[in-house]
Every structure is written in C-alpha cells, then in structure tokens.
1. Report, to the nearest whole %, how much of the accessible area of the chain belongs to carbon and sulfur atoms, 1.4 Å probe, protein only.
2. Find the accessible area per residue for the chain; the probe is 1.4 Å, ligands and nucleic acids are left out, and the unit is Å².
3. May I ask for log10 I(q)/I(0) of the chain at q = 0.08, 0.15, 0.16 Å⁻¹, from a Debye sum over the Cα atoms as equal point scatterers with solvent left out?
4. Could you work out the Rg to Rh ratio of segment 51-102, with Rh taken as the Kirkwood radius (inverse of the mean 1/r over all Cα pairs)?
5. Answer with one residue from A49, P69, A23: the one whose Cα lies farthest towards the positive end of the charge dipole of the chain, charges on Cβ with Lys, Arg +1 and Asp, Glu -1.
6. What Kirkwood radius, in Å to one decimal, follows from the Cα pairs of segment 58-136?
7. Once you charge only the Cβ atoms, +1 for Lys and Arg and -1 for Asp and Glu, what is the size of the charge dipole of the chain about its Cα centre, to the nearest 20 debye?
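The values are calculated or read from the model by the stated rules, or taken from the named source; none is laboratory data. These numbers come from a predicted model, not from an experiment. Heads up, the Cβs are rebuilt from the backbone with ideal geometry, glycines too, and the neighbour counts pull from every protein chain shown. Please note that ligands, DNA and RNA were not included when accessible areas were found on the heavy atoms of the full protein model with its side chains. Shrake-Rupley method; radii C 1.70, N 1.55, O 1.52, S 1.80 Å.
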Amino acid sequence: MARGWPVFVVAVVGNAVVQSATAAPFATPSTALAFVALALVSASSCGAALIVIVAEVRASASGARRSRPRWAEGAAAFVVVLAVALAGLASLWLVPPAMTIALGVLAGVASGDGSTAFAAFRRTPLRAAALALTTLLAVGLLWIGALLLGFFVTGWLAAALTWLAFGALGTALLSAWTSLVMRPSLFVSPEGV
C-alpha cells in the first residue's frame, strides 16, 4: 500500500470532490431527470475510483510500478457499486455486510490469480475471521458516523467528509484483504506430500 499512496489519494479525493459536487444542488430523491443524472454521476464516480484503486492495489501487491486497469476490475467495481447501493436501498443494516463481501470480491480481483478472499478462510481461518469482524465493525461504525454527521453537517461538506473517510478506510481494508488473499498457506496440503 505504501507504494501506491499517490494514486490512492488522487482516487479518494477525486471521488470525494465529485460526490460533494453532486450533493451541492440539494436534489431530493425523486424520478426527476436532474436527480437521476446526479445519481448516475455519483455511481460512475464510485466505480471509476474503485477501478483505479483495485488496479493500484494489484500493482502494489505484485511489485509492479504501475498498472493499467483490466476489464475484470472494471466489471467487478461496477457490480460492487450496484450491489452495495441495492443493499442500502433494501436496508441500512445490510450495508456493512454487503461492503465486507464486496471488499472480499475486489481483493480476489486485485490478487490477479482468480482466487477470492473467501479462499483465505480455508487457508488462514483465524486471520480471515478477524479481518472480517474488523471490517464489519469499522464499516458499521463509519456508516453510523456518516448518518450522525448528516444531523450536524449537511450538503457538500458532509458528502466530502463522508466520502473521504469511506475512501480511506475502504482502500486500507482492500489492501488488507488483498494481502490476506495473496498470503501463502501455512499448512501443507495432503496433495503436496
């Protein structure tokens, strides 16, 4: 993660700026064309930032200098944005588990070898369980903090602060999940004996 910090900062701050700009008009949820357009810009910004972050996590984890995003990273990022958004529409309580699962999926894409974070539960179950609980707790606390922030700070400033916090935490957690996925197994499989 240390190698990719300039890219991470640009992606997180850029997304926060776009998100705060979409909140600036104070558009209320409706089927009006202006609100739908702002929602599409917001989702596209999230997806684009995720694509850049996942590609950079993959490059940093593999030791490459820089990496161009792959189509799989783009597809995974937009599916994750859609899934988390739908989970949030269904129930606020579904957002932390949805984001935890999404980070696991993105870590599998960032690992570059097709494995998923769920394979880490087989190789290092205690570390994977601890990271899953940490992710749930961190995302849950940040989610509650973002909801409370809406009571005291509104508009573009609240959006900017929320997206900066979610971007920074999400990048750190994605790096941790990717590191766990790429960690070699400590146990020798029976086939290897």
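1. On the chain, the fraction of accessible area on carbon and sulfur atoms equals 75 percent.
2. 56
3. So the normalised log intensities are -0.27, -0.91, -1.02.
4. Rounded to two decimals, Rg over Rh is 1.11.
5. Result: P69.
6. One decimal place: 13.6 Å for the Kirkwood radius.
7. Rounded to the nearest 20 debye, it is 420 debye.
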